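Scroll down for the structure; my scribbles are underneath it.
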Amino acid sequence: MALSHALSVNEILSGVFGSISLTAWICLLLPQLITNFKAKSADGLSMIFLAVWLFGDITNLSGALVTGLAPTATALAGYFCISDVILISQSLYYNTINARKARQRTRSTESDASEDEPLLQPRRRSSSGLPGSHRRHSFHRQESGFDPIKRIVTGEDETPDSNPWFHNTLSVVAVYIVGAAGWFISYQAGAWDKPEAPEEPSIDTPAAVGGMVLGYASALCYLCARIPQILKNHREKSCEGLALLFFLLSLTGNLTYGLSIFSYSLEPEYIAKALPWILGSLGTIVEDCIIFYQFRLYSKSGDAKINHGDGTA
């Protein structure tokens, strides 16, 4: 079989963008897993968001298997599902543990109140009006202030990042560099050698039709998954517990994936076959931008509440 090592400009651009997207997706869930681990909590995440996202990845994997996509694409789809299960399992674990601790604290508080209520009732009533987020910040600051050595040893550093957008953007730039470098290395290694006349699969076969149906189902899941998270952020007026880099990598992966499709070909037939994946990738960018706006909005309002609304901290 004759192989061609020369690629067109469109194929090179598509390959580079695809490699960057692959790098972003591989690293996607790590920031959120680390954030949950450090906080020992997953309260910031919407479980509906994670569940719908997992269903979208399952349909994506099913579509890859039905349509016989490249082994790398199928393996990546399987990796998504495994990563989703890990994040969901971690979130369920922390939610269960924290709910159990909350019940124990409630029973302990009720027991103390029944014994000391005549003496302490006025003070308890006056402190109960503080918003929950304020009490949480105050408690962390007081506890960490008493034991700085423990904070250093356990890694529980409560010092806020002075410029999280800048530092996370540097991480995204690193993903672009690593992804592009990975493509050039694979090209030099001959991974992009291809038959001179590749055979295009027919779009009229049952497998192709089934793959399109699964592709649209996956795209619908991806588009709907972020809505519960956006509503949760809006309802709580907070993005606490969410990793900004998690959504920046999602934006990077979706954007470069869409660019890889459009760079490869703008033929109407090709775009029509890729439409489900285009909708699933580029469509979620709008929702990611809404979450970025919430990060900016609620971080400012949160600072104002801590500085002006909780002067006793």
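The values are calculated or read from the model by the stated rules, or taken from the named source; none is laboratory data. Just so it is clear, the structure is predicted and the values come from calculations on it, not from any experiment. Using ideal geometry, Cβ is built from the backbone for each residue, glycine included, and neighbour counts are taken over all protein chains shown.
Taking the conditions exactly as written (modelled with pLDDT under 85 and on the phi > 0 side of the Ramachandran plot), does Gly68 satisfy them or not? Judged against the criteria, Gly68 is a match. Being touching a Pro at 6+ places or on another chain (Cβ under 8 Å) and either closer than 28 Å to Gly182 by Cβ or in contact (Cβ under 8 Å) with a residue 40 or more places away in the chain (or both) is a description that applies to Phe49.
Here are Leu7, Leu45: which of them is part of a loop (DSSP other than H, G, I, E, B), surrounded by 15 or more Cβ atoms within 10 Å (Cβ to Cβ) and touching a Ser or Thr at 6+ places or on another chain (Cβ under 8 Å)?
Numbers: Leu7 fails: touching a Ser or Thr at 6+ places or on another chain (Cβ under 8 Å).
Being part of a loop (DSSP other than H, G, I, E, B), surrounded by 15 or more Cβ atoms within 10 Å (Cβ to Cβ) and touching a Ser or Thr at 6+ places or on another chain (Cβ under 8 Å) holds for just one of Leu7, Leu45, which is Leu45.
With respect to the conditions (1) modelled with pLDDT under 90; (2) closer than 27 Å to Cys224 by Cα, Phe292 falls short on a single one, namely (1). Restricting Gly215, Gly210, Gly309, Gly253 to those that are crowded, with 19+ Cβ neighbours inside 10 Å, modelled with pLDDT under 85 and either of a type outside the set (A, V, I, L, M) or in contact with a Ser or Thr (Cβ under 8 Å, 6 or more places away or on another chain) (or both) reduces the list to Gly215.
Taken as a whole, the stretch 37-56 holds at least one residue that is of a type in the set (Asp, Glu) and over 13 Å from the mean Cα position of the chain (by Cα).
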